[in-house]
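Q: Below you'll find the structure I mean.
Nothing in this text is a laboratory measurement; each read-out follows from the coordinates by a stated rule. Treat the numbers as computed from the prediction; the structure is a model and nothing was measured. Note that we place each Cβ from the backbone using ideal geometry, even for glycine, and neighbour counts take in every protein chain shown.
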Amino acid sequence: MPHAVISGAPPLDQFWHGFEPYQQVNGSEVRNLLAAYLRSDATQLLVLALAIELGVTQRFLIVVEQKKTNTVVRCQQHHPVEKTAGVKALVAQVAIRLIEGGGTLEKTNLPEL
């Protein structure tokens, strides 16, 4: 499962307020971060993502969860998604935004980070 563990990331409500949609188009490949949804207790954020590769469209959720000392970024586990390069790149894009907000990458299996 593609994931990143980040320490010192900004609070999720701050990340949510500053969320801007993202789109990358490279030929027939499309990668989008469409919207972000914050849980009422501000401990979890869902990012709606879209990846189109080789004519296959995948819509999925990226979960950003604030734990005691770290923030974890990963794909939602209850919805099957093929872990393509585009899916991994979108998970990495969310992690990069948290790192740019002051976080430090602790652990990942994403080649983009």
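Q: For Thr71, what charge total do you get from the other residues with a beta carbon under 12 Å from its beta carbon, if Lys and Arg give +1 and Asp and Glu give -1?
A: Here the count lands on +3.
Q: Related question: For Lys67, go through the lysines and keep the ones whose alpha-carbon is under 16 Å away, minus same-chain ones fewer than eight residues off.
A: The reachable lysines, counting only those whose Cα sits under 16 Å from Lys67, are Lys107.
Q: What are the ³J(HN,Hα) values, in whole Hz, obtained from phi via the Karplus relation 6.51 cos²θ - 1.76 cosθ + 1.60 with θ = phi - 60°, for each residue of the range 95-100 in sequence order, with x given for Gly and Pro?
A: Going residue by residue, I get 4, 4, 4, 5, 5, 5 Hz, with x marking Gly and Pro.
Q: Any idea what diffusion coefficient the range 40-87 gets from Stokes-Einstein, in µm²/s, Kirkwood Rh on alpha carbon pairs, 25 °C, 0.890 mPa s?
A: Diffusion coefficient, whole number: 207 µm²/s.
Q: If you average the sequence gap of Cα pairs under 8 Å that are 6 or more apart and divide by the length of the chain, what percent do you get for the contact order?
A: 36 percent
Q: No solvent, one uniform scatterer per C-alpha: report log10 I(q)/I(0) for the range 13-73 via the Debye equation at q = 0.17, 0.21, 0.30 1/Å, two decimals.
A: -0.62, -0.82, -1.23
Q: I would also like to ask the following. Would you kindly derive the ³J(HN,Hα) couplings of the range 101-111 from the backbone phi angles with the Karplus curve 6.51 cos²θ - 1.76 cosθ + 1.60 (θ = phi - 60°), listing them in order in whole Hz, with x for Gly and Pro?
A: Working through the residues one at a time gives x, x, x, 10, 5, 9, 7, 7, 10, 9, x Hz.
Q: First obtain the Kirkwood hydrodynamic radius of the chain from its Cα pairs, then insert it into the Stokes-Einstein equation at 4 °C and 1.567 mPa s, and state the resulting D in µm² per second as a whole number.
A: Reported coefficient: 93 µm²/s.
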